[in-house]
Amino acid sequence: MLPLTYVKTGDMAKVLKVSGKDMVRKHLADLGFVDGAIVTVISSHDGDIILNVKDSRLAVTREMADKIMIELVDRKDLIKAKVL
């Protein structure tokens, strides 16, 4: 488990946990950052990240990305599991 700030462009990850205050967690959940969601990194610069989440393109700051704990996943495994 690592924070979203550690991903690179092109990486895919599964959201494991979102930390922070209730208001922050709710805001991130409303954007699609819920347990099990698959995110794809479009670009990353100095910790600020643009990514695809549930068919939407979003940008998150380094501070927000530090609150989103993920695990990297392989596209092949997702296709095999019929997630993609």
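Anything in region 1-30 that is more than 12 Å from GLU71 (Cβ to Cβ), surrounded by 14 or more Cβ atoms within 10 Å (Cβ to Cβ) and touching a helix residue (DSSP H, G or I) at 6+ places or on another chain (Cβ under 9 Å)? List them, or say none.
Within region 1-30, the subset more than 12 Å from GLU71 (Cβ to Cβ) is 5, 8-10, 18-30.
Adding the requirement that they be surrounded by 14 or more Cβ atoms within 10 Å (Cβ to Cβ) leaves 5, 18, 20, 24-25, 27-29.
Hits for region 1-30 are THR5, VAL18, GLY20, VAL24, HIS27, LEU28.
Is it the case that some residue within region 45-57 is over 23 Å from ASP77 (Cα atoms), modelled with pLDDT under 95 and loosely packed, with under 15 Cβ neighbours inside 10 Å?
Checked region 45-57: at least one residue is over 23 Å from ASP77 (Cα atoms), modelled with pLDDT under 95 and loosely packed, with under 15 Cβ neighbours inside 10 Å.
Which residue is nearest to the chain's Cα centre (by Cα), if the candidates are limited to region 31-67 and must be among the β-branched types (Val, Ile, Thr) and part of a loop (DSSP other than H, G, I, E, B)?
Among those residues, the one meeting the criterion is VAL34.
The values are calculated or read from the model by the stated rules, or taken from the named source; none is laboratory data. Remember, it's a predicted structure, so these values are computed and weren't measured experimentally. Counting neighbours? That spans all protein chains shown, and the Cβs are built from the backbone with ideal geometry, glycine included.
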